[in-house]
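The structure under discussion appears below in the form of structure tokens.
The numbers here are math on the coordinates, done by the rules we state, and not lab data. Only a predicted model underlies this, so the values are computations on that prediction, with no experimental measurement involved. No Cβ is skipped: glycine too gets one built from the backbone with ideal geometry, and neighbour counts run over all protein chains shown.
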Amino acid sequence: MAEAALALESCTKRFRRDGAPVHALDQVSATVRAGRITGLLGPDGAGKTTLMRLAGALLLPDSGRVTVLGLDTRSEGMAIQERIGYMPQRFGLYEELTVQENLDLYAALQGLSPAEKKTRQQELLALTALGPFGNRRAGQLSGGMKQKLGLACALLRSPSLLLLDEPTVGVDPISRRELWHIIQSRRNAGVSVLISTAYLDEAERCEDILLLHEGRLLVQDTQASLQSTLSGRCYRVRREGTPRRRLRTELAARNGVLDATIQADGVRVLSDGGAPPALPAEQWDAVPPRFEDAFVNLLHGRAASLQRPEPPPPPRHDLTPAQDDLPVIEVRDLWRRFGSFEAVKGISFQVRAGQVFGLLGANGAGKTTTFNMLCGLLSPSAGTLRVAGQNLGHAAAAARARIGYVSQKFALYGNLSVLQNLDFFASVYGLGRQERARRRDWALAHFSLAPYARVNGQDLPLGFKQRLALACALLHQPLILFLDEPTSGVDPLARREFWSQINGLAESGVTILVTTHFMEEAEYCDELVLMSQGEILAQGSPQAIRSQAATRDLPNPTMEDAFITLVQAHEAGLRRAS
Amino acid sequence: MKHRRLRALIRKEFLQILRDPSAIAIAFVMPAFLLFLFGYGVSLDARHVPVAVVVEQPDRDTEAFAAGLAQSPYFEPQRFTDMTAASAALQQRQVEGILWLRQDFSRHLLRGETAPFSIIVNGVDANSARLLEGYLQGVWQNWLQQRARSSGVPFVVPAVSTERIWFNPALRSRNYLVPGLIAVIMTLIGALLTAMVVAREWERGTMEALMATPVTLTEILLGKLLPYFLMGMGGMALTVALALTLFAVPLVGSLWTLSLSSALFLLVALGMGLLISTLARNQFVAGQLAVIVTFLPAFMLSGFIFDIGSMPAPVQLVTHVVAARYFVSILQTVFLAGDLWPVLLVNSAALAFMATIFLGLTWRLSRKRLD
């Protein structure tokens, strides 16, 4: 084994938050091997960024030692910084400066001579395909282009170790693929890479894995050995005549099953290693393991187990729309402009009662704008919107009484306790005293929030914040539930719990509209629209959308493959038209 | 320290200033606004004050008096024939004061007795009321003297004071307000703008990227100090030019004492701005802190508008830690009195001391670390 590019020896780092010390990292020992790509994984708040900053000599450990390329960060920070490339979470670009000016600045800061600078910049502009945009200001680049420019700035002086802190958050799948292509090419040129990510599917592109959870290192292993422990334990299960969602609920409760998720046209199952607990009518096909399986396998039993959700009470009948044949949400030729910018360009779709309907797309695709118009928070520039049979233009308040809304950042009051939050939202929705008490008890029991009843919102773990936000949105038993990026930053186990709650709600007849940029979450939807730059590229069930992208070379494309194929086809069509 | 790196940082800073509307607003629009406000809008002088003149029985003497009043640049007299209408006008603030010449005004006057003459002023604004009262008394005395001289009757005044006003003979408040503004403008650029642009680098994550490069702390600090030093001196030059040309403020002292002392004060302001930015890493907090601990004191406690000598003793004590106080004193001296070294040296020493403290603290507290 080659020398370690980065070594942490029992490092602890604490921060103070509201006067109380928080362990960002707790006795972490880890190594990053030279010349390989190492993935640093974990949910939000696991300590990934702290580890990155320790490696960049931007923070010093409270105890323990960090060695980068054989140099101690305590005494040789400057020498380390001459040999690493570091890209922080928000890319570290000066938005008022152009692409070229940003590159010039970082070239000077990294001490490149004018001759070196010229050749390196040319190489990197070619590699990132940013050449034509040299005079554009960084603030006006798309997320994907900013990310590539940030990477180019970190690569200017051919670093020995490249540190990338969550470079792919919220970036569209195409840019993500391009970024990985660049990272691969640097690795092949001999650069050691440490990349942190909350996307578990990206772990599959890494050779070594470090898994952090709540400040502790759970796993340090190679990709290959992680996968081998799972071989023969992953299946895709199908049963004629049973909807995927019901089958999933059934399988998840079965002994011997660690995990069940909806995938493609069946249910993906991770068994506990014994014989597959298959029933006669079911078809169990072995599938290759994914990193997410490894994660669930490792964390299974560690996370506080949620009691099996009982189905929530059905929606109130007095709110059911009179005309049952009408779609619950109907959008026709919807436009929204902000000045000269067209955020949503004439989209139309319909959602039927009891469906889980997804809006899928990268940041900036127009999802949140569409969503805000559906909730009545933003008025459309043109087009019609009917929610629960009400025209939002005329009866926004009446329509709003029938919807529940969970926003991206969980709009909770951080300094109110769980009980106070529930009481507040119940009174906002106009529930009477008795009804309020009844619904509050339901929420505490149903979401297992009782042990946290007196804890303030801001002190809850992320997963419980999410449950509380969902509980608050369901207090008035809405017909329609709107969820805006509900699972970003939440760890995979909490995400599974969340989706099982959503499944239960959908089965009881609540219509659910959800936005997400996690392509694999699209599989949980009955129907979805795929958005890009304000337009709908495809619409239909997940299977139907995936099959649109199937080719001879790729007969079973993933949702991400489908997204990339459809966006590229759409852009090619635009170019032909112009 | 490498010159190439420092040059790149300075170049970056200037490009950012030029392209960022909020920096331009703080560095150029705010100072221009203040300059015009204090140059044209705010005046602490009493000029063209509307006053009511109540003449109950007009004759030659009262007419002569009223005519004298009308010629004065300080008053805008309005004639009334009875007190009721005049006091109504005072209540509605149509006039700021009343001169009441009673029925028997001329008769008493002819007899050489004290004439029945009353002055009533609106005391809501105590400062203006006192000014107005004094001016009206002055007009009355003047008129009496003139009348005595023209009628050949010796007018006996027990003692005569000769008035000489030094340094600002025209008593124009603009002459000391506009120079004082230089202190306020430099505080804006040196402390507020600097604190905010450093906080912005933290907020946007560019500071993190900067610190991960082999740039030194000295280069980062100098990369902020030098551009905003130049900006501040530019702001000073612009204000001085406008003061001298547009507002016709005299500059008695020399330009180089003005420039040197301004440079000294700017170092204090930059020191405060950078110190704030080591404590506050978001623009909102940095902006609030800078306004409260630098801008407002420069405005209220520096002697720029409100005289320090007439403040309560505890507040006077507080003004000693306000850097702008020393600079305002220098500015008013250089502009209106000249290079008076005893005054300039004491105040400059105070500024030099404060600059050393603030910049020294900044250097000590800054580390090339994120925590």
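Quick notes
- Selected from B:V49, B:L359, B:I119, residue furthest toward positive end of dipole (chain B; charges at beta carbon): B:L359
- Computed over chain B, relative contact order equals 18 percent, with contacts defined as Cα pairs under 8 Å that lie 6+ residues apart.
- Relative to the dominant Cα principal axis of chain A, helix A:462-474 is inclined by about 20°.
- Placing +1 on the Cβ of every Lys and Arg and -1 on the Cβ of every Asp and Glu, with no other charges, gives region B:49-151 a dipole of roughly 220 debye about its Cα centre.
- For chain B, a Gaussian network of Cα nodes joined below 10 Å ranks B:I17, B:I98, B:I185 by mean-square fluctuation, and the top entry is B:I98.
- Normalised per residue, the volume of the convex hull around the Cα set of the protein assembly as shown (Å³): 248 Å³
- Cα long-axis angle, helix A:559-577 against chain A (0 to 90 degrees, to the nearest 10): 80 degrees
- Principal-axis tilt of helix A:492-507 within chain A, Cα atoms, nearest 10 degrees: 20 degrees
- Computed over chain A: relative contact order in percent, which uses C-alpha pairs under 8 Å that are six or more apart: 13 percent
- Helix-only CD estimate at 222 nm, as mean residue ellipticity for chain A, using -39500 (n - 2.57) per DSSP H run (n ≥ 4): -9500 deg cm²/dmol
- Sum of side-chain charges, A:R336 neighbourhood, beta-carbon under 13 Å (Lys, Arg +1; Asp, Glu -1): 0
- Exposure proxy ranking, count of Cβ atoms within 10 Å, fewest first, for A:K409, A:K13, A:K146: A:K409, A:K146, A:K13
- For region A:349-364, 3J(HN,Hα) computed residue by residue from phi via the Karplus equation (6.51, -1.76, 1.60; θ = phi - 60°) reads 6, 10, 10, 8, 4, x, 8, 9, 10, x, 10, 10, x, 6, 4, x Hz, glycine and proline entered as x.
- Net charge dipole, region A:229-299: roughly 180 debye, given to the nearest 20, about the Cα centre with Cβ charges of +1 for Lys and Arg and -1 for Asp and Glu.
- Signed unit charges on C-beta, dipole axis of the protein assembly as shown, positive-most listed residue A:Y106, A:A224, A:G131: A:Y106
- Size of electric dipole in chain A: Cβ of Lys, Arg +1 and of Asp, Glu -1, about Cα centre, debye, nearest 20: 700 debye
- Reducing region A:324-356 and region B:1-68 to their Cα centroids gives an inter-centroid distance of 54 Å.
- Alpha-carbon centroid distance for the pair region A:440-472 / region B:210-275, whole angstrom: 54 Å
- Long-range HN-HN contacts of A:V22 with modeled amide H, under 5 Å: A:F15, A:R16, A:R17
- What the Cα atoms of chain B give is an Rg and a Dmax of 27.8, 95 Å.
- If you count Lys pairs in the protein assembly as shown whose Cα atoms are under 12 Å apart, skipping same-chain pairs closer than 8 places in sequence, the total is 4.
- Between the listed residues B:V197, B:V285, B:F295, the Cα displaced farthest toward the positive end of the dipole of region B:197-300, a dipole computed from Cβ unit charges relative to the Cα centre, is found at B:F295.
- Taking all C-alpha pairs of region B:49-151, those more than 21 Å from each other amount to 30 percent.
- Most mobile listed residue (B:S348, B:S277, B:S118) in chain B, GNM with C-alpha springs under 10 Å: B:S118
- Euclidean distance between Cα centres, region A:200-237 to region B:289-345, Å: 66 Å
- Build a GNM of chain B with springs between Cα atoms under 10 Å apart, and of B:H320, B:H108, B:H48 the one that fluctuates most is B:H108.
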